[in-house]
């Protein structure tokens, strides 16, 4: 029976080609604008590590002065001072815990004189980094605690960096010059670029993955430091301009994450933080309060405004544009079905029920909605490609529509066409045979 209605739908489209084209175009334009905007917003704010997003916590302490705390309000720095991070990381409560900093240094392969040294962004961290964030490894492994304690000159390369320096081959055991010092490659990562880059700072949220990773203690021993990449916050300046004074100061520069697998462990660690803050206050630090925070991945993204607020506004504006397009479609549908009132009257006269007319036009609108959805999907893909070329500095993954979003696009077009076509269909199915047969 549905085959019969589908044939009638195809005939109906052929009878009113111009109106049918306008309906399909209106649906396509509205759907394309909405799904292009939604795709970018969704990809920029999606859960970057769903398996752990509720068990990973960013650690925050209130080391502010009372004056600085008034400026900050309820917010705390998402980073810790070096001394606080080193004290906290001694705890055995978390399953995994990691301290992170960053710098910028020159990197080269001494065996490849044809390659110019390149300035790279290095993420300095502790051994648990690769486990806590489930970093995929192509060759070798990260470093162990012994290498961290000894400030070993070891390095893990990103896939892109390994491709440039070693043509993508297994480079474990090879050496590189990092900041004019010899480092041994112990691991090579697979491509890993969580979006948003939740473990980093706000200015780096959507940038390319880090090029290399080295032990945090190695950074401290060699005094690698870049104030821009480290995103340092100081309410009180260090005693002098030396690196030793910086890490001994109240400057927050270490991003710390812990994995707490259950509520009991979380409560235990929260008590530990409170006790630590009280202890430091007794030593003359933490003059404002002993507050501490444990923010989940999502909470951290929102708290540090790593998820753009204007993305939601753009989506709502696109939805309003879609509604305007669909209201225009409704007018076109009314005109389309009104022009076929004689056909409806004839069908009713030969025995077709109101239900049969309703199904006939519903199938026709579903066909138009499906065509509009396919065209809208193509236009959305074109729009995303244009955005990729405009925002070339953003990760390409943000501008890509996955299968679920593509399916949502088609389903949305279908549902919208039927929903906004409901009134025209009802009016068409209510046509009385007598009123139309007189005009034949």
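Taken together, the values in this text are just the output of simple stated rules run on the coordinates, not laboratory data. Just so it is clear, the structure is predicted and the values come from calculations on it, not from any experiment. Every residue, glycine as well, gets a Cβ built from its backbone with ideal geometry; the counts of neighbours run over all protein chains shown.
Given (i) 0.98; (ii) 1.17; (iii) 0.96, which label gives Rg/Rh (Cα atoms, Kirkwood Rh) as computed from the coordinates? Only one listed value fits the structure, namely (ii). Principal axis extents of the C-alpha atoms in the range 62-121 (largest first, rounded to whole Å): 55, 33, 16. Summed over all non-identical Cα pairs, the Kirkwood treatment of the range 126-252 gives a radius of 15.9 Å.
Spin-label model, residue 370/residue 265: points 7 Å from Cα along the beta carbon direction are separated by 5.0 nm.
Classify the range 224-283: rounded, prolate or oblate, from the alpha-carbon gyration tensor (a ≥ b ≥ c, eigenvalue square roots; a/c under 1.5 rounded; otherwise prolate if a/b is larger than b/c)? Show your work: numbers first, answer last.
Working: a/c = 3.79, a/b = 1.75, b/c = 2.16.
Since a/c reaches 1.5 but b/c is at least a/b, the shape of the range 224-283 is classed as oblate.
Mind pulling the angle between the C-alpha long axis of helix 310-338 and the longest principal axis of the chain? Nearest 10 degrees, somewhere in 0 to 90. For helix 310-338, the angle is close to 10 degrees. The Cα center of the range 124-196 and the Cα center of the range 29-86 differ in position by 26 Å. Extension gain for the segment residue 316 to residue 135, taken as residue separation times 0.36 nm less the Cα-Cα distance, is 61.6 nm to one decimal. Remark: C-alpha extents of the range 56-295 on the principal axes read 56, 43, 33 Å, sorted largest to smallest. Residue separation of residue 119 and residue 298 scaled by 0.36 nm, minus their Cα-Cα distance, works out to 61.3 nm of gained length. Helix 403-420 and the longest principal axis of the Cα set of the chain meet at an angle near 30°. Exposure proxy shown here: for 316, 235, the number of other Cβ atoms within 10 Å sets the order, fewest to most, as 316, 235.
If one takes the longest principal axis of the Cα atoms in the chain, at what angle in degrees, from 0 to 90 and to the nearest 10, does the Cα axis of helix 354-390 lie? Tilt relative to the chain: about 30 degrees. Over the chain, dividing the summed -39,500 (n - 2.57) contributions of all DSSP H runs of at least 4 residues by the number of residues returns a 222 nm mean residue ellipticity of -16000 deg cm²/dmol.
Please say if the range 1-60 is rounded, prolate or oblate, where rounded means a/c under 1.5 for a ≥ b ≥ c the square roots of the C-alpha gyration tensor eigenvalues, and otherwise the choice is prolate for a/b larger than b/c and oblate otherwise? Can you show the working numbers first?
Working: a/c = 10.12, a/b = 2.75, b/c = 3.68.
Oblate.
Determine the shape class of the range 19-163: with a ≥ b ≥ c the square roots of the Cα gyration tensor eigenvalues, call it rounded for a/c under 1.5, and otherwise prolate if a/b is greater than b/c, oblate otherwise.
Numbers: a/c = 2.26, a/b = 1.38, b/c = 1.64.
Oblate, because a/c is 1.5 or more while a/b does not exceed b/c.
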